[in-house]
Amino acid sequence: ALPCFLESLQISVSSSDPASFRLAQLSATSRERERISQQQFSKRSIIVRRSKASMLQLFRTAPAMMATRRLCSSQSINNPVKWGILSAGRIASDYAKAITVTDGAIASAVAARCPTKAKEFAALHGITASYGSYHDVIKSPDVDVVYIGTTADHHFEWAKQSLRAGKPTVVEKPMTLRLSDTQELIDLARENNTFLMEGMWTRCFPAMHKLRQIIASGELGQIVYCQGDFGWKFPTDQPNDRIWYKESGGVTLDIGMYCAQIGRVAFPNGQLKDVRATGTVKNGVDFSVMATVTYQHDDETVEDGLLQFAVTGAANTEERLVIQGTKGRATLDAPFHVPERLRIHKDQGRGETEEVVYDYPLPNDPFGVWNNPGSIGFFHQINEVGKAVREGKTECDSYTWNDSLEVALIVDEIVDQVRGGESNDLTKSACQ
């Protein structure tokens, strides 16, 4: 068991010896031209389901809720947070477009390994400065926050450079390829008193905030288990695609963290106890994975909580998430990583539930075409980062350093177990 897991991840351990580091960890337990002005309303529907013939439907309307949040009103408009983008790839393009529709934010610089590509990217997204060197963006006085959208094998290197320069930094998922590197970045951010966030944008959606609020309220009772899935068809006819990179490719490092992060949502006061995974390997990387993560509680009378999920590169899955409690369940409708609808089913007896639906639609989309579906939702994260940086914070409240560390540990375990490496029995790693 890991009763001291969360605290232990924050201790300072030398990263010069990755093996001893890992053992210590385991044993220690907009731009203004496209303003979004339309208010989005959250409609709450209540449906009482009966197990027999009858079905009674009632509808209520919840208070209006804005789908977007202004950072600091006139201050953010007159003094926007300026983003520098490292990479001119597909996800960086989506991020730049999302910045465009976010009040109080502007993309001021972009860099790519090819200067011509950076210049084309800048012209496409209306960015003033373009460079052929990532260093130029990091050192630019016209950049307030650095977004690292490179392939995952370069995240660690450039995040270090950005943090050493004292620049608030957002690193696309995964933050790094291993737990020890993630800890090193967090230690560096703490030493330099600099903002750092892994880009788990799902946590910034209003539906996710509402879900966490409901779980904390006890409305669902004690959470028993969570089940989720995420899959998309890998390009099997493109052997050079980044998804097949031996170090940074595979389904777990690509999308596994979307499911793994749910454990901290469902069991906010639990401690990671065990990670078990099985799966298939294709072209040297994990291709399909089924994982079970166990959480224990300080109160020994409370049953362990379970998180079970499947991720795959073989099929486009439904991508739905269910969190089951002793008094009811919560469902994030597909696609749950871009959650627009949260459904709460309150237990009224066996076969009988009362359903409450919370809708949080994405804003009107001025682009229509994105490299990844729902990417306009990045604006939630862009808003939260801007607010945190303005307030002088070093972490984002929606996805903290502890969140990144726990997910990195889970991902490490899954990759090791599925690819045939040595697995670590977390149940034998109690604080001593």
So what J values fall out for the range 250-258 if you push phi through Karplus, 6.51 cos²θ - 1.76 cosθ + 1.60 with θ = phi - 60°, rounded to Hz, Gly and Pro as x? x, 6, 5, 6, 8, 9, x, 5, 4
How much of the accessible area of the range 332-374, in percent, comes from carbon and sulfur atoms when a 1.4 Å probe is used? 43
Only Lys, Arg, Asp and Glu count, each charged at its Cβ (+1, +1, -1, -1), so figure out the dipole size of the range 174-296 about its Cα centre, rounded to 20 debye. 300
List, in order, the whole-Hz ³J(HN,Hα) value for each residue of the range 208-217 obtained from phi through the Karplus relation with A = 6.51, B = -1.76, C = 1.60 and θ = phi - 60°; use x for Gly and Pro. 6, 4, 5, 4, 5, 5, 5, 4, 5, 6
So how do 170-176, 112-118 stack up, highest first, on mean other-Cβ count within 10 Å? 170-176, 112-118
Taking Cα pairs closer than 8 Å and at least 6 residues apart, the relative contact order of the range 151-201 in percent is 44
Need one value: the accessible area of residue 182 in square angstrom, 1.4 angstrom probe, rounded to the nearest 10. 0
With only Lys, Arg, Asp and Glu charged, each at its Cβ (+1 for the first two, -1 for the last two), find how big the charge dipole of the range 320-364 is about the Cα centre; round to the nearest 20 debye. 180
Set the Förster distance to 22 Å, then compute FRET efficiency between residue 227 and residue 316 from the Cβ-Cβ distance, nearest 0.05. 0.75
Cα-centre dipole for the range 234-284 with unit charges at Cβ (Lys and Arg positive, Asp and Glu negative), debye to 20: 220
Note on the range 153-284: contact order normalised by length, alpha-carbon pairs under 8 Å, 6 or more apart, percent, works out to 22
Convert 37 °C to kelvin, take the viscosity as 0.692 mPa s, use the Kirkwood radius over C-alpha pairs of the range 97-189 as Rh, and evaluate the Stokes-Einstein diffusion coefficient in µm²/s, rounded to a whole number. 238
Pop a pseudo-label 7 angstrom from the Cα along the beta-carbon direction at both residue 142 and residue 419 and give the gap in nm to one decimal. 4.0
Percent of accessible area on the range 237-326 owned by carbon and sulfur, 1.4 Å probe? 45
Surface share of carbon and sulfur [accessible, 1.4 angstrom probe, percent] for the range 130-180: 45
Per residue, how much accessible area does the range 207-283 have with a 1.4 Å probe, in Å²? 41
Hey, what do the phi angles of the range 342-350 turn into as Karplus ³J(HN,Hα) couplings, whole Hz, using 6.51/-1.76/1.60 and θ = phi - 60°, x for Gly and Pro? 10, 10, 10, 10, 8, 5, 10, x, 4
Contour minus Cα-Cα span, residue 120 to residue 301, at 0.36 nm per residue, comes to 59.1 nm
Assuming 0.36 nm per residue, please report the length gained on full extension of the stretch residue 219 to residue 280 beyond their Cα-Cα distance. 18.1 nm
Contact order relative to length for the range 226-354, counting C-alpha pairs under 8 Å separated by 6 or more residues, stands in percent at 27
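The values are calculated or read from the model by the stated rules, or taken from the named source; none is laboratory data. Predicted model only: the values in this text are computed from it and were never measured. Ideal geometry is used to build each Cβ from the backbone, glycine not excepted, and the neighbour counts take in all protein chains shown. Remember, those area values only see protein heavy atoms, side chains included, never the ligands or the DNA or RNA. Shrake-Rupley method; radii C 1.70, N 1.55, O 1.52, S 1.80 Å.
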